[in-house]
Structures are given as structure tokens and as C-alpha cells.
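Report on the following structure.
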Amino acid sequence: MTEDEGMHHPDVNLPVGLFQDLEVLRAEVARLSGQVRELTEASGAGEAFAADADAVAGAGVDGGEGEEEQFPPFILLLDPPQYDDELRALIEWVEGVLVPGYLAEPSADARWCHLWFEHPVAVARLHALWLAWQELTDPATCGYTGPSVWHRDHLDPCLRELRPSTGPFAGCTKGEHQVDHRMPGLVPSAWSRTDD
């Protein structure tokens, strides 16, 4: 898909270089696949190896039949009802995996809010953490070191930002809240386009 074919979401300004890099990677995968095919045919290694090379080339960015692989969008870029669906799934993961597995009893130095989903900063950070968890706990996409990378590069920094006494839950103590637990009506202006 080219830039003119809709790579730019009307509300998001993404760098064109990102998509150019993607095209360069596609071309490189195709070139390397061709070399593998030539080498296997010349050495008589068999059709199975060549078929594997074709499968790897086709699985790069495209889903195999020209469809681009779909990745979940960042939650703050979604509108209802997609936002609501994504938030429900995030709540299920946070309450089912993160809270029981990683969050000890809240304290003055390690805060938590049972209404975390009403804090935009928490929703954004926890959604990013969840997306990383989905990718890095699947050995098919990241090998066996993915969980370690997730802990080091994603979980620990996320909790350091969310749970300190100066973090987004600073006003939240056992049932008392100093913040207005309401999501903003509009996506922050950095992600939305204004028509003058």
C-alpha cells in the first residue's frame, strides 16, 4: 500500500519514512528469497526448502494473499465502539493477569487505583504494556526470551511510571480520589486534525 492509497489516517500524521523503510524491507526479503531459491535449486536441496523460503517471504508483512497484516491500534486513537471493546479486553487482562500476578498491596510508595481505567495516562500506558505482552509472550514471534524482554523493557518501566507517589494515582488512596475520574471527551489534540 502506498502513501496515496491511504497509509495516512486523517487524524494521525505518521512519518513517510516509516512506510518507505517498510518497502525497502519487503524488497530485501524478496531479493533474499530469490537467492535462497536459486541456491537450493542449484544444489538440489529439494523443493521443500524452496517452499519454506517462499513461505517466509510471503509471511513478511503481507498476510500471504496481498493483505497487510493487521496490528491492533493504540487505544487512544480509537472511537466508540472500538474504544469500548478494546478497553473491555484491556480491563480483562489487567484485572486477570497484571493485578493478581504483579501488583502487591498498594502503599504510599506503590500506588494503585481500582478505577485505573478512568485515568487516561494509565489506560495509555497499560494498553501499550498489554500490546507488548501479546507479542513478547508468543514464542512464535519472539523466541523464548520474549517474556524476559517484556519484564525488563515494558513491565518494570511502566510500573515505575504509574505507581510512584507522584504518578497518575497520586491522589488515589483507599477510596478517596483527588482527580476527576472521567475520560476526556476528545482525543488529545496531538492525535486529532483540526479543520480551520
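Each other residue within a Cβ distance under 15 Å of PRO147 adds +1 if Lys or Arg and -1 if Asp or Glu, for a net charge of -3. Packing, as the average of other Cβ atoms within 10 Å across residues, places the peptides 142-152, 162-172 in the order 162-172, 142-152, highest first. P(r) tail, the range 121-165: Cα-Cα pairs separated by more than 18 Å, 27% of all pairs.
Taking Lys and Arg as +1 and Asp and Glu as -1, the other residues whose beta-carbon sits under 13 Å from that of PRO80 total -3. Counting Lys and Arg as +1 and Asp and Glu as -1, each charge on the Cβ, what is the dipole of the range 130-175 about the Cα centre in debye, to the nearest 20? Magnitude of the dipole: close to 300 debye.
Here, each number is a calculation from the coordinates, and none is a lab measurement. Keep in mind that this is a model prediction, so the values were computed, not measured. Note that we place each Cβ from the backbone using ideal geometry, even for glycine, and neighbour counts take in every protein chain shown.
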